[in-house]
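Asks: Have a look at this one before I ask anything.
The values are calculated or read from the model by the stated rules, or taken from the named source; none is laboratory data. If you're wondering where the values come from, they're calculated on a predicted model, not measured in any experiment. Ideal geometry is used to build each Cβ from the backbone, glycine not excepted, and the neighbour counts take in all protein chains shown. Areas reflect the complete protein model, heavy atoms only, side chains present, ligands, DNA and RNA absent. Shrake-Rupley method; radii C 1.70, N 1.55, O 1.52, S 1.80 Å.
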Amino acid sequence: MSLQRPGSGKGQFFGPALAGVCIAVVLSVPAAAFTARFLGDNYNTRALVYCCFLLWVVCGAVAVFMKTWKSEESRLTLPRILLWFLSVWLWPLLLAASALSRRRGSE
């Protein structure tokens, strides 16, 4: 039994894009903590690095979600979740590629 109406899968705000971004952020919290552990020699430095990583990931999650939520309709699989995880961390590259392709399309 599904709570979704038939035929209403494309462009939903509460769809696979939101689920993928949320899972990517949840997976990024321990990844940021683990990485910050190696970059700081005292607690304050590690905490600052961790907070910067989390801010980076949250900004990435918002950016990637806003670019994809209307067109994402794929089911969440493990490779798809890993793609979301990488997208949240590497979001400036995705936005730059999108802007470059848009610029080439307008010329």
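Asks: Ranked highest first by average number of other Cβ atoms within 10 Å, how do 58-67, 38-47 line up?
Replies: Working: 58-67: 17.4, 38-47: 10.7.
In decreasing order of mean packing, 58-67, 38-47 become 58-67, 38-47.
Asks: How high is the relative contact order of the range 9-93, in percent, counting Cα pairs under 8 Å that sit 6 or more residues apart? Each step should come with its number before you reach the end.
Replies: Numbers: 90 pairs, mean separation 42.4, N = 85.
Answer for the range 9-93 is 50 percent.
Asks: Between T77 and R102, what's the calculated FRET efficiency when r is the beta-carbon distance and R0 is 35 Å? Round to 0.05.
Replies: Calculated value: 0.75.
Asks: To continue, here is another question. In whole Hz and in residue order, list the ³J(HN,Hα) couplings for the range 25-42 that follow from phi through the Karplus curve 6.51 cos²θ - 1.76 cosθ + 1.60, θ = phi - 60°; x for Gly and Pro.
Replies: 5, 4, 5, 6, 4, x, 5, 5, 5, 5, 5, 5, 4, 8, 9, x, 9, 10
Asks: In Å², what does the accessible area per residue of the range 25-107 work out to with a 1.4 Å probe? Kindly include the intermediate steps, with their values, before the conclusion.
Replies: On the way: 5960 Å² over 83 residues.
I get 72 Å² per residue for this part.
Asks: Quick one: with all protein chains in place, what share of the accessible area of the chain is carbon or sulfur, to the nearest percent (1.4 Å probe)?
Replies: About 68 percent, which is the carbon plus sulfur part of the accessible surface.
Asks: What list of ³J(HN,Hα) couplings, whole Hz, do you get for the range 76-84 from phi and the Karplus terms 6.51, -1.76, 1.60, once you set θ to phi - 60° and write x for glycine and proline?
Replies: Taking θ as phi minus 60°, the curve returns 7, 10, 4, x, 5, 5, 5, 5, 4 Hz for the range 76-84.
Asks: Of S87, S101, S106, S74, which has the most accessible area and how do the rest follow, probe 1.4 Å?
Replies: Descending accessible area places them as S106, S101, S74, S87.
Asks: Hey, rough spin-label estimate for F13 and T35, points 7 angstrom out along Cα→Cβ, what's it come to in nanometres?
Replies: 3.0 nm
Asks: Please compute, over every Cα-Cα pair in the range 31-107, the percentage with a separation greater than 18 angstrom. Could the numbers behind the result be given before it?
Replies: Values: 1584 of 2926 pairs.
Cα-Cα pairs in the range 31-107 separated by more than 18 Å: 54 percent.
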